[in-house]
Amino acid sequence: MITDFAPASEFVPTDLDAASWPALEPLYADLLSRELHCANCLRRLIMDRSELDAAAGEAGSILYINMTRRTDDAAAQKAYLDHVEQVQPRLKQASFDLDRKIVESPFVDGLDQGRYRVMLRDLKTSVELFRPENIPLETELARLDQQYSEICGAMTVNFRGKERTLTQMAVFNEDPDRTSREEAWRLAAQRRFADAAKIDAIFDRMVDLRRQIARNAGLPDFRAYAFRARRRFDYSPADCDAFAAGIERHVTPLVRKNMASRAREMGIAQPRPWDGQADPKGRPALRPFEGATQLVDRTRRVFARMDPDLQRMFDFLCEPAAGVECLDLESRKGKAPGGYQASRERTRVPFIFMNAAGVQRDVETLVHEAGHAFHTLLCRSEPLLHYRNELPLEFAEVASMSMELLAHPYFDEYYEAADAARARRAHLEQLLVGLATIAVVDQFQHWLYTTENDAPSRHAKWAELQRRYGPGFDWSGLEDLLGASWHRVLHLFGAPFYYIEYGIAQLGALQVWLNAKKDRNAALGQYKKALALGGSCALPDLFGAAGLAFDFSPTNIGRLTAMVEAELAELPQ
């Protein structure tokens, strides 16, 4: 179900060097100086702007991809930083000028409001928030985030005679030998802590810059700014507090119940941080694949069994047309941590980046990022970049998180039956832990940007929230490591206030999963239909198109948590 597309305009030359501002500038100048005489002229401007923004966006995406793939490559780092410092500020100014030209046009009411309503709402918000004095502050924030990535990308330890990245060390979190797990966990945690002062200094500056951005925009704090910048039109900070209350009431008790059961099975009185992922029966860690090739081959078979459209899209990622690379999966030294899907906006070909180390979480990461790629491909024929690229993140994560759950019946592609059941159970248990973590991160961010704080108070607040919502680990003697463990959350540095989206989306994904248990074909049909809408509808309408309730109240959280608990009761330990 990979739709062909035609460029919405011939305005942009096919050979444009879209990473170069001297090449882009005359085209943006043309758009800004264009005289508009009617609604059709305005529509033409919007389409031409869409194609130019797509070209510029893809050029920036490629530089970012190259930078994260090779944090130890000075040329790749310089090219990305030059773009951040020299091109992106000019693009932001041009984008604001075009947003204002569109929303202030006397012909804007002549546009089809059903078609353009969401885009115009978003552009008006961007115009209201924009301040030219914030551009250099945002540039500095991007530079600081790059420094954070470089620090994390350089973190390695020597363990069992081999230099390993911290991502590669995650394999040992599942080691059945508790002494080995503890040794590996401490080594990795202490390596992170060795750079804690550097990371705290980076974050100090980030907080100051973000507060200044909010002040420049005339808003009381960065939370108020972020809610508007992230276009949270359909929920408020109070709703986020309600989400956290639902997690505390329904999810955290179940997480702790599961963890206590694991501890009894393991014969330990109180679980420690290195006990959360190991098999409670002492069985060897799940090893779903060896190497990226086997991971891809087995995942292809999963999608082939799940749905023919999804199979075709995943095959496209594995063997893309014209030899454009779409996958970089294995962990290695010099590679940035984490995982993401990048939508190369002009060619509309996704790219998946991750750090596979041979563990079950890698399977979940690949199908998760594949879900994002399916979203990109399903709305590929949408002519407006705004509706392809400016997706409500709360729904974009439904696309990805649903795939993690929908893959459950096909885990036998990676394991024998008993281990497939283990993997399903582990995923559901970690899903619950993940919801609790989302509450921690989101509440931490609300506190960060509405109070005065410094590095020591941040460490103390993080520890407090972990103890309130977390799985109940015994951190005695590890208090410093607990307090600094928020440094692992990449979003706090590069995407502030981007985390509650995962929680809202997880509740949506659980509904997709429950719908699929009743009628898989119908659930997948609604899923694909909703993804094909891109960002052309309001967030609650996208949930509705997928057959989901846009509801993250404590009541709904309790209902869905009970469903997960019932599923866990049917799975062997």
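Here, each number is a calculation from the coordinates, and none is a lab measurement. Keep in mind that what you see is a predicted model, and the values were worked out from it rather than measured. Neighbour counts run over all protein chains shown; Cβ positions are idealised from the backbone, glycine included.
Excluding Q443 itself, what net charge comes from residues whose Cβ is under 14 Å from its Cβ, given Lys and Arg +1 and Asp and Glu -1?
Surrounding charge for Q443 is 0.
What's the angle, to the nearest 10 degrees (0 to 90), between helix 39-69's Cα axis and the longest principal axis of the chain?
40
If you line up the long axis of helix 135-153 against the longest principal axis of the chain, both from Cα atoms, how many degrees apart are they, to the nearest 10?
Approximately 30 degrees, to the nearest 10.
Residue by residue, what Karplus-based ³J(HN,Hα) values in Hz, rounded to whole numbers, does the stretch 281-295 have, using 6.51, -1.76 and 1.60 with θ = phi - 60° and x for Gly and Pro?
Ordered by residue, 3J(HN,Hα) equals 8, x, 6, x, 4, 5, 10, x, 6, 10, x, 5, 4, 5, 4 Hz.
Which lysines have a Cα lying under 27 Å from the Cα of K281, excluding residues fewer than 8 positions away in the same chain?
Correct list for K281: K257.
Placing +1 at every Lys and Arg Cβ and -1 at every Asp and Glu Cβ, with all other atoms neutral, what dipole size does the stretch 21-130 have around its Cα centre, in debye to the nearest 20?
Magnitude of the dipole: close to 220 debye.
Counting other beta carbons within 10 Å of each residue's own, what order do S536, S402 fall into, fewest first? Each step should come with its number before you reach the end.
Values: S536 22, S402 30.
Neighbour counts put them in this order, fewest first: S536, S402.
Taking a cut-off of 19 Å between Cα atoms, list the lysines near K528, but don't count ones fewer than 8 places away on the same chain.
Straight-line reach from K528, under 19 Å: K517, K518.
Would you work out which of A226, Q511, A29 lies farthest towards the positive end of the dipole of the chain, given +1 charges on the beta-carbon of Lys and Arg and -1 on that of Asp and Glu, about the Cα centre?
Comparing the listed Cα positions along the dipole, Q511 ranks first.
If you keep only loop residues by DSSP, which GluC sites (Glu not before Pro) in the stretch 412-495 have at most 12 other Cβ atoms within 10 Å of their Cβ? Can you show the working numbers first?
Numbers: sites: E413, E416, E429, E452, E464, E479; in loops: E416, E452.
In loop regions of the stretch 412-495 (DSSP not H, G, I, E or B), the sparsely surrounded GluC sites (Glu not before Pro) are E416, E452.
Between A370, M354, W274, whose Cα lies farthest towards the positive end of the dipole of the chain when Lys and Arg beta carbons carry +1 and Asp and Glu beta carbons carry -1, centred on the Cα centre?
Result: W274.
Treating the angle as unsigned and between 0 and 90°, give the value, to the nearest 10°, between the Cα long axis of helix 21-33 and the longest Cα principal axis of the chain.
So the inclination is approximately 60 degrees.
I need to check one value: relative contact order of the chain, counting alpha carbon pairs closer than 8 Å and at least 6 residues apart, in percent.
Working: 764 pairs, mean separation 107.9, N = 573.
So the answer I get is 19 percent.
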